[in-house]
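See below for the structure under consideration.
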Amino acid sequence: GDVDSVQFYRNQDNDYQDLLFRTANKDVISLTLSGGAKGLSYFAGATYTNDQSIVVNSWLRRIQSRINISYQASPKLSVTNNMSFAYTKDNMIPVGNTAKVVFDRNPWTSIYNPDGSFNSYIESKRNPVQQAYLNINEDQDFVVQNNTRLNYKFYKDLQFTTSFNAQLNSGKNNTFAH
C-alpha cells in the first residue's frame, strides 16, 4: 500500500467498532423473603445489578432493597408500611455520540501518537477512542422512600385513611469531556 513512515497518522487500519464496542454484560442478583402470621404479612427483597454497557468505559452498579409490612390489628384497624432504598453509581458514555464519531473519522487516521498518548483531532474529527475512554459522566444517586398508611373502618361504608410519605433524594454528577 501507500506506507509513509513520516505520516504515521495516515497509516492505520482501525476497526472502530472493535475499539469502541464490546459485548455487553449484565449481572443481576436478587434475594427475596416473604411470610406472615395471623394479621401480619411481610416481604423483603434486595437486588444488586452490575451492568457493563456495549460502549467501553460505560457501566452501572446499583443496589436496591424494599421492605413491605402489613398488619391487621383488628377487623377495623390496619397499618401498612413500605420502605425502599436504592444506591446507583454509573459512568454513562452516550452510545449515540460515540457511534456517530465512528462514521465521522476516517479509519486510516491514527488513534495514538508515536509516544502512545491519544491523538486528538485529525481532519477536524475528534478521536472516538479517546472520547470513549477519557470522558467521564459519573452519576451517584441515593434514594430512600417510606410510605405508611393507617386505615380505620368506622362502619361498612365509612372509613378513615391517612398516609405519610417521605422521600430523600441525593445525587451527584462528575463530568469531564475531551
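The values are calculated or read from the model by the stated rules, or taken from the named source; none is laboratory data. On a predicted model such as this, the values are computed, not experimentally measured, just so you know. For neighbour counting, all protein chains shown are included, and Cβ atoms are generated from backbone atoms with ideal geometry for every residue, glycine included. With ligands, DNA and RNA removed, areas are computed over all heavy atoms of the protein, side chains included. Shrake-Rupley method; radii C 1.70, N 1.55, O 1.52, S 1.80 Å.
Quick one: is Val55 in contact (Cβ under 8 Å) with a residue 40 or more places away in the chain and over 27 Å from Asp18 (Cα atoms)? No. For the range 23-76, filtered to residues that are basic (Lys, Arg) and under 23 Å from Lys153 (Cβ atoms), the residue that is surrounded by the fewest Cβ atoms within 10 Å (Cβ to Cβ) is Lys38. On inspection, Lys156 qualifies as at pLDDT below 90, farther than 28 Å from Lys26 by Cα and open to solvent by 60 Å² or more (accessible area, probe 1.4 Å). The combined condition, being closer than 30 Å to Ile63 by Cβ, exposed (fewer than 15 other Cβ atoms within 10 Å of the Cβ), touching a His at 6+ places or on another chain (Cβ under 8 Å) and modelled with pLDDT of 85 or more, is fulfilled by Leu134.
Restricted to the range 37-73, and to residues that are part of a strand (DSSP E or B) and either of a type in the set (Val, Ile, Thr) or on the phi > 0 side of the Ramachandran plot (or both), which residue is nearest to the chain's Cα centre (by Cα)? Only one residue fits best here, namely Thr49. Taken as a whole, the condition of being open to solvent by 40 Å² or more (accessible area, probe 1.4 Å) and on the phi < 0 side of the Ramachandran plot applies to Asn165. Quick check on my filter: what residues within the range 105-125 are surrounded by fewer than 15 Cβ atoms within 10 Å (Cβ to Cβ), among the charged types (D, E, K, R) and in contact with a helix residue (DSSP H, G or I) (Cβ under 8 Å, 6 or more places away or on another chain)? Once the filter is applied, which keeps residues that are surrounded by fewer than 15 Cβ atoms within 10 Å (Cβ to Cβ), among the charged types (D, E, K, R) and in contact with a helix residue (DSSP H, G or I) (Cβ under 8 Å, 6 or more places away or on another chain), the range 105-125 yields only Lys125.
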